[in-house]
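The values are calculated or read from the model by the stated rules, or taken from the named source; none is laboratory data. Keep in mind it's a predicted model, so treat the numbers as computed, not measured. Every residue, glycine among them, receives a Cβ derived from its backbone with ideal geometry; neighbour counts consider all protein chains shown. SASA here: full protein model, heavy atoms, side chains in, ligands and nucleic acids out. Shrake-Rupley method; radii C 1.70, N 1.55, O 1.52, S 1.80 Å.
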Amino acid sequence: MQNIILSAKNLSTGYANQLFLENINLQIPESSYVAVVGPNGSGKTTFLKTILGLKKNYTGELLINNEKPENVPSTWIGYVPQIKTIDRSFPALPIELVASGIKKNWVGVIPKEAKDKAMEILTEVGADSYAFKSIEQLSGGQLQRVFLARSLVRKPKLLLLDEPATGIDLVCELSINSLINEYNKKHNVTVIMVTHDWSAAYHHTNFVLLLNKKQIYFGESKSAFTDENLQNTFSHSGHHHDIKFGMKELVNA
Amino acid sequence: MLDFLNYTFMQNALLAGVLIGFLASYYGVFVVQRKMSFLGSGLSHSAFGGVALGILLNTEPLWIAIPFTMLVAIAIVYLKDKTGIETDTSIGILFSVSVAIGIILLSLRTNYSGDAYSYLFGSILSVSTNDIIVTAILSVITLATFFFKWASWAYASFDSELAISDKINVLRDDYLLNVLIAITIVVAMKIVGIILISAFLVIPAASGKIISKTFFQMTIISIIIGITSSIVGLILSYYFDIPSGAVIILFQTLIFLIFGIIKRK
Ligand SMILES: Nc1ncnc2c1ncn2[C@@H]1O[C@H](COP(=O)(O)OP(=O)(O)OP(=O)(O)O)[C@@H](O)[C@H]1O
Ligand SMILES: [Mg+2]
């Protein structure tokens, strides 16, 4: 029997007085790889932020390693935010971002050990060549890697990734995916990844969570993408779009 | 050449100038990076309400203006936290209410002709011992925040949610930062003037940002510009007998332009 690292019972969450993401019920075993899939505005980011302890007003039960989110030590979780939400006008270098991940605070002058450690992990994700380039000048994919390094440097038990492959070319995507895979398998890190890539979700992950303001599906990846589930996830309630979601294409991809 | 150093008022002005130059340019980096430039003018106009009350009550305006402005600063953070009212909006409202109150209070004092002008545009003649004591205490506290609070303020300026996820009490930090900025504005008011304070808060930091790769660099450069421009501005103000605030701001703008040109090359 595997350890349950994250469990939600009747979890509802959202903003201020509006709990628009409702009725999440799931159990995630340790070291599994979970994809979170859903349309824009379906609550994917909100779900990750609730796990991170950023949403204080959720109802229901949410336990991470049997603790409430606010009691989970911050080094326990690695988080890669959705890059489009990052303020790139902030004067900072990748090495500083990673150092802030190590120190759990911003650092004015980075101590030698922290710098070495940061360089090491930046090299591992292939971001060492721009470690001292201002973040304003980085491409989306480069910044993505820096944030990945920042989350991995804590040696987290749980890795939360918000669309880590968006705006990245295929080669980069493959290398980021394989890096995440490696962390998942070799280091037994549980990965929860928001993605729009059904094919990657189908082929690489163990579980899929389909969201559309509520939980549509949680379970084995291989049986997630049925026509019915996808209709429920991606169609508006009011009118019908009649999208054809083919299982075949996915399997053959 | 350095004959101005023989005058007590000039010694006071220079001492106060160096300190407020440091204070404003240090807090300015957070103001600029959090895109709260409006906070400077909002709080200084609120301070005007406090000054007017002080004048009406015939006490030292400072003792009324400081708590008054602090209250406004706290209200801004509180409204944002509790009701989600955007900082811009609440500043806009509180700002106008305070000015309205200030004008009514001043009109109640019929025989008043005093130094309202110097509060508006800044004067080097008006710095009192009280001003210097308060400014010095605030500077000591501020220096301490450089070691104990700068990092978490910087982190929250970059991304408040990342900071919260690292268990930083961002709300408490914001209250502290806003209150300290409020006091800085009140003590800087006499030299710089209510009208020009927001520029005084913003220009050194904005200049530092142009040529900095890191937030730490930006902070240091901003402080250097803040202190230097106060000294240069006060001396020019003395020799040419023009309002100190205006000279300081123009000198800072010159630096801003020079940095902008250097950067473009
Ligand atoms: N600050 C906010 N206050 C109130 N509602 C918000 C706020 N930010 C987002 N929302 C709403 O919350 C809902 C879910 O947002 P969320 O960011 O979780 O979606 P998402 O699935 O991550 O979308 P995307 O694919 O665009 O990243 C949206 O309908 C959005 O309108
Ligand atoms: Mg999102």
Looking only at region A:203-234, count every residue that is part of a strand (DSSP E or B) and within 20 Å of residue A:14 (Cα to Cα) and tell me the total.
8
Scanning region B:159-199 for residues that are in contact (Cβ under 8 Å) with a residue 60 or more places away in the chain and of a type outside the set (A, V, I, L, M), the one nearest to the other protein chains (Cβ to nearest Cβ) turns out to be B:174
Residue B:223 vs (1) over 18 Å from residue B:21 (Cα atoms); (2) within 14 Å of chain A (Cβ to nearest Cβ); (3) assigned to a helix (DSSP H, G or I); (4) not hydroxyl-bearing (Ser, Thr, Tyr): all pass except (1)
Identify, please: which residue in region A:166-214 is in contact with a helix residue (DSSP H, G or I) (Cβ under 8 Å, 6 or more places away or on another chain), of a type in the set (Gly, Ala, Ser) and open to solvent by 30 Å² or more (accessible area, probe 1.4 Å) and is, among those, farthest from residue A:152 (Cα to Cα)?
A:199
Only one of (1) under 16 Å from the mean Cα position of the chain (by Cα); (2) free of Cβ contacts under 8 Å to residues at least 60 places away in the same chain; (3) within 26 Å of residue A:74 (Cα to Cα) fails for residue B:156. Which number is that?
(1)
Return only the number of the condition from (1) more than 13 Å from residue A:11 (Cβ to Cβ); (2) surrounded by 15 or more Cβ atoms within 10 Å (Cβ to Cβ); (3) away from ligand 2 (no atom under 16 Å from the Cβ); (4) away from every other protein chain (no Cβ under 11 Å) that residue A:66 does not satisfy.
(2)
From the list A:28, A:95, A:51, exactly one residue is away from ligand 1 (no atom under 16 Å from the Cβ), at pLDDT 95 or above and within 12 Å of chain B (Cβ to nearest Cβ). Which is it?
A:95
Within region A:125-160, the residues that are crowded, with 17+ Cβ neighbours inside 10 Å, closer than 19 Å to residue B:213 by Cα, away from chain B (no Cβ under 14 Å) and of a type outside the set (D, E, K, R) are A:127, A:142
Name the pairs whose Cβ atoms lie under 8 Å apart, with the first residue in region A:190-213 and on the phi > 0 side of the Ramachandran plot, the second away from ligand 2 (no atom under 13 Å from the Cβ), and 6 or more positions between them or separate chains?
A:213/A:20; A:213/A:22
Just to be sure before I move on: is residue A:81 within 12 Å of ligand 1 (Cβ to nearest atom) and closer than 24 Å to residue A:187 by Cα in the structure I sent?
yes
Taking the stated definitions as given, is residue B:124 aliphatic (A, V, I, L, M), within 23 Å of residue B:246 (Cα to Cα) and touching a Leu at 6+ places or on another chain (Cβ under 7 Å)?
yes
Is it the case, given these coordinates, that residue A:122 is more than 30 Å from residue B:212 (Cα to Cα) and either open to solvent by less than 40 Å² (accessible area, probe 1.4 Å) or within 16 Å of ligand 2 (Cβ to nearest atom) (or both)?
no
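Is region A:118-129 home to any residue that is closer than 28 Å to residue B:145 by Cα, out of contact with any Gly (no Cβ under 9 Å at 6 or more places or on another chain) and more than 16 Å from ligand 1 (Cβ to nearest atom)?
Among the residues of region A:118-129, not one is closer than 28 Å to residue B:145 by Cα, out of contact with any Gly (no Cβ under 9 Å at 6 or more places or on another chain) and more than 16 Å from ligand 1 (Cβ to nearest atom), which makes the answer no.
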Can you report the number of residues in region A:31-43 which are within 12 Å of ligand 1 (Cβ to nearest atom) and touching a Ser or Thr at 6+ places or on another chain (Cβ under 9 Å)?
6
Scope region A:69-86; condition out of contact with any Pro (no Cβ under 6 Å at 6 or more places or on another chain) and either within 16 Å of ligand 2 (Cβ to nearest atom) or more than 13 Å from every other protein chain (Cβ to nearest Cβ) (or both); matching residues
A:79, A:81, A:82, A:83, A:84, A:85, A:86
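Kindly indicate whether residue A:122 is more than 10 Å from every other protein chain (Cβ to nearest Cβ), of a type in the set (A, V, I, L, M, F, W, C) and not in a helix (DSSP H, G or I).
In short, no.
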Failed criterion for residue B:264 (all others in (1) in contact (Cβ under 8 Å) with a residue 24 or more places away in the chain; (2) more than 14 Å from chain A (Cβ to nearest Cβ); (3) of a type in the set (D, E, K, R) hold):
(1)
Any idea which of (1) outside any loop (DSSP other than H, G, I, E, B); (2) open to solvent by less than 50 Å² (accessible area, probe 1.4 Å) is the one residue B:127 doesn't satisfy?
(1)
Checked region A:215-236 for anything crowded, with 21+ Cβ neighbours inside 10 Å and among the charged types (D, E, K, R); matches are none
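Of everything in region A:1-39 that's over 23 Å from residue B:84 (Cα atoms) and without any contact (Cβ under 8 Å) to a residue 24 or more places away in the chain, which residue is surrounded by the most Cβ atoms within 10 Å (Cβ to Cβ)? Can you show your working first?
So in region A:1-39, the residues over 23 Å from residue B:84 (Cα atoms) come out as A:1-11, A:23-39.
Checking which are without any contact (Cβ under 8 Å) to a residue 24 or more places away in the chain leaves us with A:1, A:27.
Values: A:1: 4, A:27: 14.
Only one residue fits best here, namely A:27.
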